[in-house]
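Working notes, beginning with the structure itself.
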Amino acid sequence: MDQSRPFTISFHDNVKYNGSGYWLHTIDAKLRCTKLAKLSSTIPPELDVGRQHTDEELNDIGYIRLEPVVCHFLAAPNAPDGKRFDHTYLSAAEIEKAGLLDRLVKVREKMLHRDFQPKLHATMTKVRSHRFMEDRAKIYELGITVQKCTGRHSIQNGVIIRKDVDRDNRDLTVELTSIANALLETYTPGMKDEFRAKRRLQRPPLTIGADKNNTITSIQANYLEINEGMDGLRKFGHGHVDERDHANMFTVLFLLGNPPPDYHVGNSALLGERTVCPTAPLSALVFSEKRWHAGIALRRYDADTPVSIRYVSPVPIPELPTGTPLVHLSVVAYPSRRMIDVHPQELGYELFTSAGSAYFQSQKKYQEWRMSYYIAHERPW
């Protein structure tokens, strides 16, 4: 087996395109745990170039370009049809077809406003130490947060919304969870009928925001200055997995940045599955963050870069207001494992007071969550 391709026994034989909608990946059972993680976190230097790759270049290093809406599956012998959905890429054109692009445009404009990120930072500094803020870079959690401690009261109300006087962040959380949930139900096979929809009264998840959201529990906003490089995101700027994610559910990674015209939008790579897509404004990647992944090659085009390998959006990208900062912005809407199967002793008391309703679109949704949680956990532990 080619050790540079840990997720495929034979790239050409066992990663198969069926010609009508999906790729099927297989996993070598011998390459698990530490060894697989080490191989999967390695970024091929050939990917780290500030332009689009040709199909030949990707094929030479064993990668596949993620074409919009083409679903990628993992071979799963125990599944009814022998496969399980793994990831897909959505360009602005697919988001527009789902009727969600105009809403995402407004979210992007709001989050890129020159006053928005400083406001998030100022809110965090009221409750976090200077050292903590330096370690986190410009990374902000919206919604309910998981504290580092374990056991009683380890899940608390998020500081961003709790300190938000004008409720802008609460409204943003509602909108992002609504859009993310709609994309999952539209483009993820089986999503509408599986996971939490059938189990809400058995183990009610702490899904925040929109009334129809039964998947997303957390939102993370990552800001990066144009000339800062991926190191500016600390560990999130390199190959990594997010341990807090639920292994059997999916994350929506929104790409909402505002790069200059002479900049390559960059790429996002799933390192184990060997797939890559552009991190273009108003696009999204649906995947599990338990997979090794990385953002790559956010940089200025070389002067001699041909037009044919520069990124071109499939739909016109609306212009932002004059004075909007030039930054990279990725927003992660994800299901936290701890908040999907949450133990009563882990919850802070605030969630059961009026302060807890700030995380839900309506009082009705909040009351439904409280009641279903009570029913699920009324038996003695």
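Derivation of every value follows stated rules applied to the coordinates shown; laboratory data play no part. All values reported here derive from a predicted model rather than from experimental measurement. Every residue, glycine as well, gets a Cβ built from its backbone with ideal geometry; the counts of neighbours run over all protein chains shown.
Using Cβ counts within 10 Å as a stand-in for footprinting exposure, how do Glu346, Glu319 rank, fewest first? Could you put the intermediate results ahead of the total?
Working: Glu346 19, Glu319 8.
In order of increasing Cβ crowding within 10 Å: Glu319, Glu346.
Measure off 7 Å from each Cα along the Cα-to-Cβ vector at Thr305 and Lys126, then give the distance between these two points in nanometres to one decimal.
4.1 nm
Taking other Cβ within 10 Å of each residue's Cβ, how do Cys149, Cys71, Cys277 sort, fewest first? Numbers along the way, then the final one.
Details: Cys149 10, Cys71 18, Cys277 24.
Ranked by crowding around the Cβ, least crowded first: Cys149, Cys71, Cys277.
On the Cα set of the stretch 22-378, report Rg and Dmax in Å, please.
Every Cα atom of the stretch 22-378 included, Rg and Dmax give 20.1, 67 Å.
With r defined as the distance between the Cβ atoms of Val315 and Thr54 and R0 fixed at 30 Å, what FRET efficiency is calculated, to the nearest 0.05? Walk me through the intermediate numbers first.
Numbers: r = 23 Å, r/R0 = 0.78.
With a Förster radius of 30 Å, E is 0.80.
Tell me, Ser336, Ser308 in order of fewest to most beta-carbon neighbours within 10 Å? Kindly include the intermediate steps, with their values, before the conclusion.
Details: Ser336 24, Ser308 9.
Exposure proxy ranking, most exposed first: Ser308, Ser336.
With r as the distance between the Cβ atoms of Gln367 and Val165 and R0 = 30 Å, compute the FRET efficiency 1/(1 + (r/R0)^6) and round to 0.05.
0.80
Given a Förster distance of 30 Å, report the FRET efficiency between Arg84 and His238 from their Cβ-Cβ distance, rounded to the nearest 0.05. Don't skip to the answer; put the middle values down first.
Working: r = 27 Å, r/R0 = 0.90.
Approximately 0.65, to the nearest 0.05.
In nanometres, what is the gap between the two model label sites at Arg152 and Asp262, each 7 Å from Cα along Cα-to-Cβ?
Using points 7 Å along Cα→Cβ, the separation is 6.1 nm.
Check each of the chymotrypsin sites (Phe, Trp or Tyr not before Pro) in the stretch 273-302 and keep only those in coil by DSSP with at most 13 other C-beta atoms within 10 angstrom; list them in order.
On the way: sites: Phe287, Trp292, Tyr301; in loops: Trp292, Tyr301.
Passing sites in the stretch 273-302 do not exist.
Extent of the stretch 321-381 along each principal axis, from alpha carbon coordinates, in Å, largest to smallest?
57, 25, 17
Determine the sum of side-chain charges near Ile309: Lys and Arg each +1, Asp and Glu each -1, restricted to other residues whose C-beta is under 13 angstrom from that of Ile309. List each step's numbers first, then the result.
On the way: positive: Arg51, Arg65, Arg310; negative: Asp55, Glu56, Glu57, Asp302, Asp304.
Its environment carries a net charge of -2.
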